[in-house]
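In what follows, a structure is listed as structure tokens, so that the remarks can point back to it.
Bear in mind these aren't lab numbers, they're just calculated from the coordinates by the rules spelled out. Note that the structure is predicted; figures quoted are calculated from it, not measured. With ideal geometry, Cβ positions are generated from the backbone for all residues, glycine too; neighbour counts draw on all protein chains shown.
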Amino acid sequence: MVAVFGQRPGTSFDFTGMSQLQRRDGTTTIVPSAYWKSLEGLDLFSLYRQLATSTSLTLVNASDDEVIGKANFDPLIGQIEFVTQKANHDFTGSGRPIVASLVKDLLR
């Protein structure tokens with residue numbers, strides 16, 4: 001997030017106070033220091049594994065995610081199902097109806 005938002009004019013980071021993240025739509029998101037602290041020591045793979053023990057878990061990955069970038073989920077192979085969809089972070093454009101249909105099917 002720091003790399004992506006840091007390139008946008010108007011963005012400022014203050015990890016002990018309030019950060020301001022300039023969004024693509026021209027709005028600004030205010031992020032308190034508590035958010036950054038909540039990320040410290042966070043092990044997403046462990047959380048995904050834990051969730052997968054109590055439910056069927058499918059991760060839908062956007063192949064052209066400009067916020068997260070190319071994510072490596074290899075440590076979770078065999079533990080959760082993966083679907084990669086050609087789309088951006090927000091699944092806008094042609095990727096949206098495809099992912100909406102996928103989620104609808106998964107929820108049935």
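Mind listing which trypsin sites (Lys or Arg not before Pro) in the range 24-99 are in a DSSP loop and have 15 or fewer other Cβ atoms within 10 Å?
Taking the range 24-99 and a limit of 15 other Cβ atoms within 10 Å, the loop trypsin sites (Lys or Arg not before Pro) found are Arg24, Lys70, Lys86.
Looking at the range 30-108, which chymotrypsin sites (Phe, Trp or Tyr not before Pro) are in a loop (DSSP not H, G, I, E or B) and have at most 15 other Cβ atoms within 10 Å? Passing sites in the range 30-108 are Phe73.
Considering only Gly69, Gly95, Gly41, the Gaussian network model of the chain with Cα springs below 10 Å gives its largest mean-square fluctuation to Gly41. Using equal-weight Cα scatterers in the Debye expression, the normalised intensity of the range 43-106 in log10 at q = 0.14, 0.20 Å⁻¹ is -0.44, -0.85. Annotation for the chain: GluC sites (Glu not before Pro) lying in DSSP loop with at most 12 further Cβ atoms inside 10 Å of their Cβ are Glu40, Glu66.
Panel values: the chain, Kirkwood radius from alpha carbon pairs, Stokes-Einstein at 20 °C and 1.002 mPa s, translational diffusion coefficient 133 µm²/s.
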